[in-house]
Amino acid sequence: MSVLEASEIMQLIPNRYPILFMDRVDELNPGESIVVTKNVTINESFFQGHFPGNPVMPGVLIIEALAQAASILILKSEKFAGKTAYLGAIKEAKFRKIVRPGDVLKLHVQMVKQRSNMGTVSCQAMVGDKAACTTDLTFIVSPTDSK
């Protein structure tokens, strides 16, 4: 059973097709952790060019999916409701498994530390019981109307 469906996700973060990389939120402990599902399908626009005859989800898009999951975790806290979370840094990203069409990507994000408008999360993108990507992300939160 989902905690948040796609329409509810779009109420929290500004991302839309073709750059929305999650289907549902499975678990959410505001301020602590989140688990999100991304069903990877051959219909993804990036598979047209990455790579013909050998479809592989680009690592940068796996990082983007993790950042979107982190944004939901951050923006579901009372302190940051109605604001926008931006990716500030990517630390020690490691890619361990190729992600292909048909895979179900589970995005696990854990809050590590938070202060004023910044924080760090620890992330894992899993396919089954194997880590496809691990990284720490730093985020910066600002009002939605900030330029």
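Please state the relative contact order of the chain as a whole percent: Cα pairs under 8 Å, 6+ residues apart? Relative contact order, the chain: 24 percent. Convex hull volume per residue, computed on the Cα atoms of the stretch 82-131, equals 117 Å³. Translational diffusion of the stretch 38-147, estimated by Stokes-Einstein from the Kirkwood radius over alpha carbon pairs at 10 °C in a medium of 1.306 mPa s, is 108 µm² per second. Computed from the Cβ-Cβ distance with R0 of 35 Å, the FRET efficiency linking Asn29 to Asn54 stands at 0.40. In the context of the full set of protein chains, residues of the stretch 55-147 present 51 Å² of accessible surface per residue (probe radius 1.4 Å, heavy atoms only). Would you kindly state how much longer the chain becomes between Asn39 and Ile19 on full extension, computed as 0.36 nm times their sequence separation minus their alpha carbon distance, in nm to one decimal? Between Asn39 and Ile19, full extension yields 5.8 nm more. Phi-derived couplings, Karplus 6.51 cos²θ - 1.76 cosθ + 1.60 at θ = phi - 60°, listed residue by residue for the stretch 9-25: 4, 5, 6, 9, 10, x, 5, 9, 3, x, 10, 9, 10, 7, 9, 6, 9 Hz, with x used for Gly and Pro.
For Lys106, the lysines whose Cα comes closer than 17 Å to its Cα, not counting residues fewer than 8 places off in the same chain, are Lys38, Lys94, Lys97, Lys130. Can you list the aspartates and glutamates whose alpha carbon sits under 13 Å from that of Lys83, skipping same-chain ones fewer than 8 residues off? List returned: Asp145.
Put the Cα centre of the stretch 99-147 next to the Cα centre of the stretch 1-79 and the gap is 10 Å. Rounded to the nearest 10 degrees, the angle from helix 59-75 to the longest Cα principal axis of the chain is 30 degrees.
Using a 1.4 Å probe over the heavy atoms of the protein chains, calculate the carbon and sulfur portion of the accessible area of the chain as a whole percent. Of all accessible area on the chain, carbon and sulfur atoms account for 53 percent.
The values are calculated or read from the model by the stated rules, or taken from the named source; none is laboratory data. Fair warning: this is a prediction, and the values are worked out from it, not measured in the lab. Cβ sites come from the backbone with ideal geometry, for glycine too, and all protein chains shown count toward neighbours. For the accessible areas, the whole protein counts, side chains as well, though only heavy atoms, and no ligand, DNA or RNA atoms are used. Shrake-Rupley method; radii C 1.70, N 1.55, O 1.52, S 1.80 Å.
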